[in-house]
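Can you keep this structure in mind? I'll have questions shortly.
The values are calculated or read from the model by the stated rules, or taken from the named source; none is laboratory data. Fair warning: this is a prediction, and the values are worked out from it, not measured in the lab. Cβ atoms come from the backbone with ideal geometry, glycine included; neighbour counts cover every protein chain shown. Please note that ligands, DNA and RNA were not included when accessible areas were found on the heavy atoms of the full protein model with its side chains. Shrake-Rupley method; radii C 1.70, N 1.55, O 1.52, S 1.80 Å.
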Amino acid sequence: MWGGRFAAGPSDVMRAINASIPFDKALWRQDIDGSLAHVAMLGAQGIIPAADAEAITQGLKQIAAEYAANGVAEDWALEDIHMHVEARLSELIGPAAGRLHTARSRNDQVATDFRLWVRDACDAVDAALKALQTALVDRAEQNADAIMPGFTHLQIAQPVTLGHHLLAYYEMFARDRDRFASARKRMNQCPLGSAALAGTGFPIDRDATAAALGFERPTANSLDAVSDRDFALDYLNAAAQCALHLSRLAEEFIIWASQPYGFVKLPDSFSTGSSIMPQKRNPDAAELVRGHAGRIIGCQTALMITMKGLPLAYSKDMQDDKPPVFECEGLLMLSLAAMTGMVAETGFDTSAMRKATERGFATATDLADWLVRQAGIPFREAHHITGAVVKLAEGRGVALDALTLDELQAIDPRISQAVYPALSVDASVASRNSYGGTAPDQVRHQAARARAALAGE
């Protein structure tokens, strides 16, 4: 490729460190699409003969068919996917293949290919996130009335509904989808035509190639276009945040599946056994989703560190931009598929959830609120009274509503028989009917809103 400048070829070590074909072969579809748009523009502008443009076009389509059928055969001497395509094109149509690289560089070529790939990845992850959201809404609707303990500090805090808990993750993943959509919008500019760094003297039509590839417009600065990897970092940043949400959901399933909780039974299809303990049902899929989050964050960090000190325009360090993005995409899509399956198929033991709620004095706040509303007691005093009631119930090993009225009035005579309805977990969740609250009616309202939003996309 550069034999006119160098008298000797590269060493074996140089060939090995320089070759990117083992990973950038993943870009073959995008590379051929970009070349088809480029050659169509070259022919339309009269930059290359029409006959050569047609021969190149047909040759590229044949290569695409070959790669689709058999994959890309690696030749490290050809370095990257761009040279693999060009070399095969030369075998098919002869010297006319050499006209394809007119008015472009591998710098703007790879920047275009990579943007196209990451743009496709944004579309794919959006569809996967929508599927997970749909599963969450389905299960939330089924469990709008199911009472479970709400936790702070992993201590039982207040009663909530399982539907409310699941819809919290719907909202997290909605924000993730927004981040990917925002990233996609920013990256939707076409670098093709920027050439190596300064643009080209040929009379190219960048608007035509941008439109042919589905971009909103061409990039406005050729130096920035070939140097920019913000689009890849945007994807990784959104993926890292999404992976955090997936990891939190996975962690909850892991905790809920443990015997001290017993809130869920994970399906066989997402569990494994033990090599030595036959009774075990291990939440391995959820644990791997949790583990993948660390690797995805590592991918984000890797590319940020690679880019942090690079001057304009292209440096060979940027060849290492693709492996972390490709790894991240594979891990993220697998994690999304696993969590979607677990949400859809897991069995929820709502009876165990309710029993745990009733054991945990979860209606203590309701007692304090009752004292404020019905007895006119300042909240701080009501908080102190309620603490004494909880201490008594804990000492006797009973729920709050199992204490007698005499026992309650011994702590504070302002407590009356009317307090008992407020101490039930059902009354507690039903009273939280503010917008976005845990009351079953609110859960059904938010689930319907979510379903309408998903259907309207």
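Are any residues in the range 214-229 open to solvent by less than 40 Å² (accessible area, probe 1.4 Å) and either among the small types (Gly, Ala, Ser) or over 14 Å from THR112 (Cβ atoms) (or both), and if so, which ones? Full working, then the answer.
Step one: of the range 214-229, the residues open to solvent by less than 40 Å² (accessible area, probe 1.4 Å) are 215, 218-219, 222, 225-229.
Across the range 214-229, the qualifying residues are SER222, ALA225, SER227.
Further, regarding this structure: Being assigned by the TED database to the domain that holds TYR235, closer than 30 Å to THR152 by Cα, at pLDDT below 95 and part of a helix (DSSP H, G or I) is the requirement here; does ALA285 meet it?
So ALA285 fits the description; yes.
Tell me which residues, restricted to the range 119-153, are of a type in the set (A, V, I, L, M, F, W, C), in a strand (DSSP E or B) and surrounded by 23 or more Cβ atoms within 10 Å (Cβ to Cβ).
ILE147, MET148
Examine the range 326-342 for a residue that is in contact with a strand residue (DSSP E or B) (Cβ under 6 Å, 6 or more places away or on another chain), crowded, with 18+ Cβ neighbours inside 10 Å, in the same structural domain as LEU236 (by the TED database) and more than 30 Å from ALA195 (Cα to Cα), and state whether such a residue exists.
The answer is no; no qualifying residue exists.
Continuing with this model, one more query. Determine if the range 109-118 includes at least one residue that is open to solvent by 50 Å² or more (accessible area, probe 1.4 Å) and assigned to a helix (DSSP H, G or I). Step through it out loud before you land on a result.
Taking the range 109-118 and keeping what is open to solvent by 50 Å² or more (accessible area, probe 1.4 Å), we get none.
No: the range 109-118 contains no residue that is open to solvent by 50 Å² or more (accessible area, probe 1.4 Å) and assigned to a helix (DSSP H, G or I).
May I pose another question? Can you name the helices (runs of 4 or more DSSP H) wholly within the range 401-457 that have at least 1 residues being surrounded by 13 or more Cβ atoms within 10 Å (Cβ to Cβ) and in contact with a Gly (Cβ under 6 Å, 6 or more places away or on another chain)?
Filter on the range 401-457 gives 440-455.
Could you run through the range 16-49 and say how many residues are modelled with pLDDT under 95 and among the polar types (S, T, N, Q)?
2
Take SER351 and decide whether it is open to solvent by 40 Å² or more (accessible area, probe 1.4 Å), under 30 Å from LEU129 (Cβ atoms) and without any contact (Cβ under 8 Å) to a residue 60 or more places away in the chain.
Here the answer is no, as SER351 does not meet what is asked.
Let me ask you something else. Which of the residues that make up the range 154-172 are assigned to a helix (DSSP H, G or I) and open to solvent by less than 20 Å² (accessible area, probe 1.4 Å)?
Within the range 154-172, LEU162, GLY163, LEU166, LEU167, TYR169, TYR170 qualify.
Let me spell it out: the conditions are (1) more than 21 Å from LEU100 (Cα to Cα); (2) open to solvent by 30 Å² or more (accessible area, probe 1.4 Å); (3) not in a loop (DSSP other than H, G, I, E, B), and ALA183 meets all of them except one. Which number is the exception?
(2)
The conditions are (1) out of contact with any strand residue (DSSP E or B) (no Cβ under 8 Å at 6 or more places or on another chain); (2) in contact (Cβ under 8 Å) with a residue 60 or more places away in the chain; (3) not assigned by the TED database to the domain that holds ARG29, and HIS84 fails exactly one of them. Which is it?
Result: HIS84 fails condition (3) only.
Does the range 164-186 contain at least one residue that is modelled with pLDDT of 95 or more and touching a strand residue (DSSP E or B) at 6+ places or on another chain (Cβ under 7 Å)?
yes
Residue by residue through the range 344-389, note down the ones that are within 26 Å of GLN259 (Cβ to Cβ) and part of a helix (DSSP H, G or I).
ALA344, GLU345, THR350, SER351, ALA352, MET353, ARG354, LYS355, ALA356, THR357, GLU358, ARG359
While we're on this one: Being outside any helix (DSSP H, G or I), modelled with pLDDT of 95 or more and open to solvent by 40 Å² or more (accessible area, probe 1.4 Å): is that true of ALA302 here?
So ALA302 does not fit the description; no.
Do we find that LYS316 is basic (Lys, Arg) and closer than 30 Å to GLY193 by Cα in this structure?
yes
Something else: Take THR112 and decide whether it is over 20 Å from the mean Cα position of the chain (by Cα) and at negative phi.
yes
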